[in-house]
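We did not get these values from a lab; they are worked out from the coordinates using the rules stated. What you are looking at is a predicted structure, and each value in this text was computed from that prediction instead of being measured. With ideal geometry, Cβ positions are generated from the backbone for all residues, glycine too; neighbour counts draw on all protein chains shown.
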């Protein structure tokens with residue numbers, strides 16, 4: 001990992017900057033890579049939700065639970081893709097998926113451990129937000145730091161120490177982004193199908209029915225943004241804790257020094 | 001060896017070159033912060049319309065609905081709020097609606113100048129285009145693709161939304177534990193730092209308490225040879241390892257303090 005090759009400027013950022021930078025990343029990053037990863041992990045999830053709703057006649061509550069469960073695991077592929085694309089050029093979707101699949105058993109284990117903690121927190125209700133904040137970075141700890149499920153949970157717990165407010169705001173921002181994705185897709189879908197094509201509401205209605213195909217699409221479409229924003233939050237934390245921005249400045253000074261030591265002929269060439 | 005990267009790095013800072021060849025940097029606001037400011041403004045507009053609707057219902061005698069002239073007044077005010085709220089606030093308060101004020105955002109011209117009434121009018125008229133096909137979808141896409149997060153209205157009016165920064169003088173650098181007179185005396189008295197070195201060391205020393213001791217020494221090790229060569233008299237005193245009290249990070253911090261300490265100026269003879 002060469003910090004000098006990072007696709008984003010490494011410096012401590014505010015939460016607002018992180019969320020804005022994530023939006024820029026989503027529109028400027030390697031679109032082919034993200035499209036392929038989405039086709040591999042998000043499309044099957046969406047298809048399964050559609051089948052559950054219209055073929056197996058599941059209720060919308062069950063469909064949403066399925067979508068949340070599938071996308072919680074699927075977002076890990078985007079975490080891996082973003083971490084690779086941050087420092088490498090020409091990252092292949094296959095390489096990303098291979099790394100994600102290799103870590104999948106441990107990652108799912110870490111998710112099960114953290115979701116169990118959330119379930120315990122949910123029983124008391126008051127502890128749920130606190131628990132959620134503490135395990136928010138488990139995706140990065142498990143997938144990028146190669147930790148076992150328990151170690152990843154512990155690492156995520158450590159990362160959130162003394163950063164409760166920031167993490168809570170980050171989770172709130174990501175929640176709003178997901179709701180924004182759902183609302184935008186719902187409006188767009190109804191605008192096209194009901195208003196333009198005059199086909200009525202054959203695919204459900206979010207407010208009246210509790211869900212629709214458009215809302216499901218919007219939910220899935222927001223997942224890459226959520227993964228990118230949380231990963232950039234993780235990078236911000238590493239930048240602050242490990243001084244990545246300081247390292248870059250020191251490396252630049254050291255490189256300048258090395259250039260000055262070179263013989264004048266080589267320096268000129 | 002570090003090679004300068006040729007990759008364009010993503011950031012949320014926009015540089016503006018003035019005609020006097022001075023470069024200014026602005027932190028530009030993207031979709032996340034602007035959406036939040038928009039929601040705050042939306043809530044304010046909704047609150048005004050709800051209060052107005054209540055007053056008109058009471059004033060129009062019919063307690064269950066708006067009718068006749070009261071409906072007309074309500075429609076006119078709602079129209080004015082929809083199209084005039086942003087124009088009014090942005091042109092009267094130098095680019096800030098209440099929502100933007102809360103989030104410390106400001107609309108400015110691309111050169112950093114304050115916007116005028118025409119600019120505010122133009123960028124808000126184009127709001128309708130940014131809204132297409134629904135939920136500001138086009139505006140968000142255009143913003144995401146533009147390096148300065150400009151939506152169509154901003155592109156048309158030549159404006160951008162920046163984050164106001166509260167500038168304040170940096171607190172004096174403190175080292176923990178404080179340097180002893182012996183430590184400072186052991187450092188070269190006339191240590192001169194180049195601007196880039198001073199900037200990098202300032203960043204390093206200010207963050208020293210948040211870096212782990214081993215990591216701080218590792219970082220310090222990157223630039224120690226540079227100073228070892230430049231300051232031969234002090235080179236023998238540079239530690240290669242040691243405790244937080246004596247290690248390379250401490251040595252570098254002491255060098256910075258020594259180089260930046262204020263020396264008393266000699267009294268003028270006249």
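Observations on the model:
- Approximating the spin labels as points 7 Å out from Cα along Cα→Cβ, the residue B:261-to-residue B:172 distance works out to 1.2 nm.
- The Cα atoms of segment A:135-202 define a convex hull whose projected area, averaged across directions, is 6.6 nm².
- P(r) weight above 37 Å for the protein assembly as shown, C-alpha pairs, percent: 45 percent
- Sequence-separation-based contact order of segment A:1-117, relative, with Cα cut under 8 Å and 6+ spacing, percent: 35 percent
- For segment A:183-204 versus segment A:66-127, the inter-centroid distance based on Cα atoms is 32 Å.
- In this calculation the C-beta distance from residue A:92 to residue B:77 is compared with R0 = 56 Å, giving a FRET efficiency of 0.45.
- Taking the square roots of 5 times each eigenvalue of the Cα gyration tensor of chain A, largest first, gives ellipsoid semi-axes of 38, 23, 17 Å.
- Counting neighbouring Cβ atoms within 10 Å and putting the fewest first, the residues A:49, A:71 line up as A:71, A:49.
- Remark: spin-label model distance residue B:118-residue A:262 equals 5.2 nm, labels positioned 7 Å along the Cα→Cβ axis.
- Across segment B:25-163, the mean sequence separation of Cα contacts (distance under 8 Å, 6 or more residues apart), normalised by length, yields a relative contact order of 28 percent.
- Average beta carbon contacts from partner chains per residue of B:10-19, 10 Å cutoff: 4
- For segment A:232-253, the residues whose backbone nitrogen is under 18 Å from a point 7 Å from the Cα of residue A:4, taken along Cα to Cβ, are A:244-253.
- Crossing angle, helix A:15-28 versus chain A [Cα axis fit, 0-90 degrees, rounded to tens]: 80 degrees
- Shape of segment A:151-269, Cα gyration tensor, a/c cut at 1.5: oblate
- Using a Förster distance of 45 Å, the FRET efficiency for residue B:129-residue A:145 (Cβ separation, nearest 0.05): 0.50
- P(r), alpha carbons of segment B:25-163 - 5 Å bins starting at zero, rounded %: 2, 11, 17, 21, 18, 10, 8, 6, 4, 2, 0, 0
- Cα centroid of segment A:34-65 to Cα centroid of segment B:129-164, whole Å: 32 Å
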